[in-house]
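Here is the structure we will look at.
The values are calculated or read from the model by the stated rules, or taken from the named source; none is laboratory data. Nothing here was measured: the structure is a model prediction, and the numbers come from that model. Every residue, glycine among them, receives a Cβ derived from its backbone with ideal geometry; neighbour counts consider all protein chains shown.
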Ligand SMILES: Cc1cc2nc3c(=O)[nH]c(=O)nc-3n(C[C@H](O)[C@H](O)[C@H](O)COP(=O)(O)OP(=O)(O)OC[C@H]3O[C@@H](n4cnc5c(N)ncnc54)[C@H](O)[C@@H]3O)c2cc1C
């Protein structure tokens, strides 16, 4: 019998399995798809490889969770460092987001001059630095109420906490308006879309603490993962003996001292189960009424969700060596059927022999999308909407990054929340986790369920999505399971 059966090998499932395996537990990991890493996976279509969504890999240095795990688990990732991490286009302005804080500041000051920019950005940098320095002292978190232990930990960090406390819980937009003289629509959009892609909330929905992490993510060490983002999950699971790919877990039954997992590869027994599913639909695997109630309650509490519209294609490699990896276009108008005004484009590295092949490079484009626009449509209308969005995105791409106008696109495909639902099984195809907006800040779900021995990992049970948020959530869960695991 296994100590832990982990259902799903997204970032959460892969990282948690790897840590538990390192601690000596007997772990089995199931993934329904033929690639690992879920929303951060890499799929093959008609001979070419594409990143599903996630393309930025952040934080192998300093206080970030990946840096800690890399060290503890002795991992070696196939990465290339990138700087600037992002090239942002807004009207006729181009802003390179360099890692160096002074260089980054200069770019911002050039694009959005403000006498108080220094003051604003100093608060943002200090807040995020202190969060990353002190965060681990506040783990593990299993309850919303501050425990005695937590209060003692706060005292330990009191010198740092007093520095950020005055602004931490302020609304980020209100703080920006109070501090800056010229927060025009473009500057606000620039700030807002940083918080949207990291915390799933616009500037006026998040507090300064959360905004600081989103606004400074381009200042962290950013990497390109060679061979596709799924290789990062492969690195995590490389020492695991029992990884079942293309294996769907269909049902989980509880007996007195064990769980039985019914899968497409047969039955497996485990003492504990960790679900890398969203908190909203994990109930589908159980008959247990408590689990069902837990899921339904979450559905009712966290009603704000985002989906994604994605496009994938190959292009002739006409790009020079210095062509940046990630391009973020911020528009004046909404992309139809998405409620989003941004386009995020990532291009595969020239030296990536898997994704860049036959003189072509692999492109993944994504934008946030409203979910309701894609469900309950007849086939023709669904297809029509997809076409409208594809054409709109390409038109904007040609406008903002004209080099694409002159290159041939091959194998253009696109994905909607329905596509994410089909492949990753995520509830309503919602991605990016539960928004870390002020409304939800003190209600955020925890990885412990009402049923002993059943835990959850992933971007709906710990604030923050992507590599930093989900791997931190996995660390938090392991510390709840095994208090001996120190970071
Ligand atoms: C378009 C897009 C762009 C993004 N860009 C970035 C980025 O650049 N950088 C970044 O860090 N993050 C990014 N993110 C966010 C990041 O990808 C996600 O937050 C993260 O991957 C979520 O991980 P997760 O562990 O919650 O699981 P998921 O990715 O949801 O994975 C869950 C896994 O479980 C499997 N599964 C589900 N049910 C079963 C079952 N019954 N049996 C077996 N297997 C099952 C699924 O197939 C899936 O592989 C992006 C997300 C999207 C959608």
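List of remarks:
- Lone qualifier among 404, 392, 462 - being within 27 Å of residue 299 (Cβ to Cβ) and either within 14 Å of the ligand (Cβ to nearest atom) or over 17 Å from the mean Cα position of the chain (by Cα) (or both): 462
- Qualifying positions in the stretch 23-34 - in contact with a strand residue (DSSP E or B) (Cβ under 6 Å, 6 or more places away or on another chain) and within 15 Å of the ligand (Cβ to nearest atom): 27, 28, 29, 30
- Against the criterion of being surrounded by fewer than 24 Cβ atoms within 10 Å (Cβ to Cβ) and either over 28 Å from residue 306 (Cα atoms) or within 16 Å of the ligand (Cβ to nearest atom) (or both), residue 20 does not qualify.
- Residue ranges of helices (runs of 4 or more DSSP H) in the stretch 182-254 with at least 1 members touching a strand residue (DSSP E or B) at 6+ places or on another chain (Cβ under 6 Å), modelled with pLDDT of 95 or more and closer than 24 Å to residue 340 by Cα: 185-199
- All of 404, 392, 420 fail the test of being closer than 19 Å to residue 319 by Cβ and either modelled with pLDDT of 95 or more or not in a loop (DSSP other than H, G, I, E, B) (or both), apart from 404.
- Just one of (1) closer than 25 Å to residue 124 by Cα; (2) part of a loop (DSSP other than H, G, I, E, B) fails for residue 68. It is (2).
- Inspection of the stretch 48-62 finds no residue satisfying the criterion of being part of a helix (DSSP H, G or I), within 20 Å of the chain's Cα centre (by Cα) and closer than 22 Å to residue 282 by Cβ.
- Test: residue in the stretch 47-57 that is away from the ligand (no atom under 15 Å from the Cβ), surrounded by fewer than 20 Cβ atoms within 10 Å (Cβ to Cβ), on the phi < 0 side of the Ramachandran plot and touching a residue at least 60 places away in the same chain (Cβ under 8 Å): no
- Some residue of the stretch 318-335 being more than 22 Å from residue 218 (Cβ to Cβ) and buried (at least 19 other Cβ atoms within 10 Å of the Cβ): yes
For (1) away from the ligand (no atom under 13 Å from the Cβ); (2) over 20 Å from residue 17 (Cα atoms); (3) touching a residue at least 60 places away in the same chain (Cβ under 8 Å); (4) surrounded by fewer than 17 Cβ atoms within 10 Å (Cβ to Cβ), each residue gets a yes or a no:
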position	(1), (2), (3), (4)
223	no, yes, yes, no
233	no, no, yes, no
240	yes, no, yes, no
249	no, no, yes, no
263	no, no, yes, no
274	no, no, yes, no
278	no, no, yes, no
283	no, yes, no, no
